[in-house]
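What follows is a short report on a single structure.
The values are calculated or read from the model by the stated rules, or taken from the named source; none is laboratory data. What you see is a predicted model; the values in this text were computed from it and never measured. With ideal geometry, Cβ positions are generated from the backbone for all residues, glycine too; neighbour counts draw on all protein chains shown. What goes into the accessible areas is simple: the full protein's heavy atoms, side chains included, and nothing from ligands, DNA or RNA. Shrake-Rupley method; radii C 1.70, N 1.55, O 1.52, S 1.80 Å.
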Amino acid sequence: MFELLLGVPLIVLLCCVLLRRLNRKYFVLSLCKRLQAEDGSPLESKIAVMPGRTRFGNNFDLLNFTPSTVFNFMRDSCANARGRNYLWYFFGSPMYNVIRAEEAEEIFQSTKLLTKNVVYDLLRPFLGEGLLTSTDQKWHARRKALTPAFHFNVLQSFLAIFKEECHKLVKVLHESVESEALVLNQVIPQFTLNNICETALGVKLDDMAEGFQYRESIHAIEAVILQRICNPFLYNSLYFYLYGDYRKHIDSLKIAHDFSSSIIERRRRDFKRKELGGVDDFGKKQRYAMLDTLLAAEADGQIDHQGICDEVNTFMFEGYDTTSTCLIFTLLMLALHEDVQERCLEEVSALPEDTDSISVFQFNELVFLECVIKESLRMFPSVPFIGRQCTEECVVNGLVMPRDTHINIHIYDIMRDPRHFPNPNAFQPERFLPENTVDRHPFAFVPFSAGQRNCIGQKFAILEIKVLLAAVLRNFKILPVTRFEDLTIENGIVLRTQQKVKVKLVQRVG
Ligand code: HEM
């Protein structure tokens, strides 16, 4: 009896001591290894370690969130970190959050940190192992094969497509002049989806019976991915199967995948018959599409049918919402800043009258318009954060990161850092005039990411955006309807607003 009375407290004491020791290296209640400073100093002297809401690290901080609360949570974390990068212990892994350009640089430049983190797993059912989600050899080979699809000459051929879609949209906008307000979210996404569909797949979505269903399926896929982003329990496939919109997701994926797969099959038949450059089903001359680069790679044995599907779906996904988000925010900013709008109008008025004759070079020369687009991307980056993962223990920013540590680079916060962009919440396109960028940190402005895994479509996107903005500015004066204070920003797959963005267009005369 005496032994028992003495033994039990001793064992408890021993367990407590062991647990304390273990807890120094491992965050026991969050089931993960801790980060350590490489030089042995306390971690808190290097970065901010965010206390969780419970004793289980930050595991339960993000439960039942909505897209807007996810956005606010990230901004609050950034504010609480007081200008330092910060750490969460989150569902079995440390999650290192970078909000400073200086440390982001090392990650962007690293040739080892190329693997994407857990958030991208949610995209895999849609995108498979496409350029955005793949890693290692597969990514290297695909990136190399696809780079020519974004060559300057190819962009030149896409310009005609952008202009055609632009004419169509401007017609619709003329009809809106009579109305009280134009809802940008109702017209801009259709423009960018049509553009990416024709440039990537070589088909005109508006001419296709399945076009509407495809568009709807893309929206439905996004909605489910968003649902999962907002509840980390739904990252787990079984939990998602049991409690998420699993069935709906599978149905929408099937529609989107069948659509792209059938177009690929059709184009492959033409490709094999060497009929590219001939006429399509509607009797029109076939133009180059990015898909052709993939079919040529298939003929060389570099990629299979599934690989082509994954890449095409990735282009559709990456090239659609990102660009429309940027266009919507830029048009809103132009409406809210009349002086900026007038300066842009002055610049685009110097372009030739005949829109069809404007070249890529001439669009490139719209320097101030580009400053406006950049400033809009700085304040409202379509992709507010990106993720990486350590596939083995590594040292990053002087921190020893255990295997599977997640890294989030918060592009949004980096580009609102007052050290690099004084008065960061003010819309000031002049910041991007060449003379004002000389001393800026090279990684302070990164809306397209940077380093090896930067956006392959950035020139494509800027050209597409410029073509539409120039046409809108030449035809209409844009007046504000939505005030900035009316908007709630959300962290969806891309940055967006909870409310629809409205402007009023007034036809320009002369
Ligand atoms: C304003 C428009 C756009 C923005 C802000 C944007 C931003 C980005 C960012 C931040 C990344 C890095 C993602 C990451 O590391 O997780 C990325 C990657 C990518 N983007 Fe874009 N993007 C835009 C338009 C486009 C367009 C139009 C296309 C295709 C036509 C495209 C295709 C891609 C692809 C394929 C990747 C993956 C590249 C790789 O990992 O090698 N993007 N984009």
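Okay, here's what the table says:
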| item | result |
| --- | --- |
| Residue match in the stretch 384-396 (condition: closer than 21 Å to residue 453 by Cα, of a type in the set (Val, Ile, Thr) and free of Cβ contacts under 8 Å to residues at least 40 places away in the same chain) | no |
| Neighbours by Cβ (under 7 Å, 6+ apart or cross-chain): first from the stretch 244-259, under 26 Å from residue 207 (Cα atoms); second at pLDDT below 95 and open to solvent by 60 Å² or more (accessible area, probe 1.4 Å) | 255/213; 259/210 |
| Per-region count, the stretch 113-138, residues assigned to a helix (DSSP H, G or I) and within 18 Å of the chain's Cα centre (by Cα) | 9 |
| Count of residues meeting criterion [within 11 Å of the ligand (Cβ to nearest atom) and of a type in the set (A, V, I, L, M)] in the stretch 293-327 | 3 |
| Top-ranked residue in the stretch 301-327 [being in contact (Cβ under 8 Å) with a residue 60 or more places away in the chain and small (Gly, Ala, Ser); ranked as farthest from residue 487 (Cα to Cα)] | 307 |
| The stretch 428-477, subset surrounded by 20 or more Cβ atoms within 10 Å (Cβ to Cβ) and of a type in the set (Phe, Trp, Tyr), residue nearest to residue 132 (Cα to Cα) | 460 |
| All positions within the stretch 47-87 that are assigned to a helix (DSSP H, G or I) and of a type in the set (S, T, N, Q) | 68, 69, 72, 77, 80 |
| Residue count, the stretch 1-46 (criterion: among the hydrophobic types (A, V, I, L, M, F, W, C), touching a residue at least 60 places away in the same chain (Cβ under 8 Å) and part of a helix (DSSP H, G or I)) | 1 |
| Yes/no for residue 75 being of a type outside the set (Phe, Trp, Tyr) and under 22 Å from residue 493 (Cα atoms) | yes |
| Any chance residue 485 is open to solvent by 30 Å² or more (accessible area, probe 1.4 Å) and farther than 28 Å from residue 108 by Cβ | yes |
| For residue 235: the one exception among (1) in contact with a strand residue (DSSP E or B) (Cβ under 9 Å, 6 or more places away or on another chain); (2) within 30 Å of residue 69 (Cβ to Cβ) | (1) |
| Any hit, the stretch 401-411, residues being surrounded by fewer than 17 Cβ atoms within 10 Å (Cβ to Cβ) and more than 15 Å from the ligand (Cβ to nearest atom) | yes |
| Number of the exception - residue 78 against (1) in contact with a helix residue (DSSP H, G or I) (Cβ under 9 Å, 6 or more places away or on another chain); (2) without any contact (Cβ under 8 Å) to a residue 60 or more places away in the chain | (2) |
| Qualifying positions in the stretch 85-126 - among the basic types (Lys, Arg), crowded, with 16+ Cβ neighbours inside 10 Å and away from the ligand (no atom under 13 Å from the Cβ) | 100 |
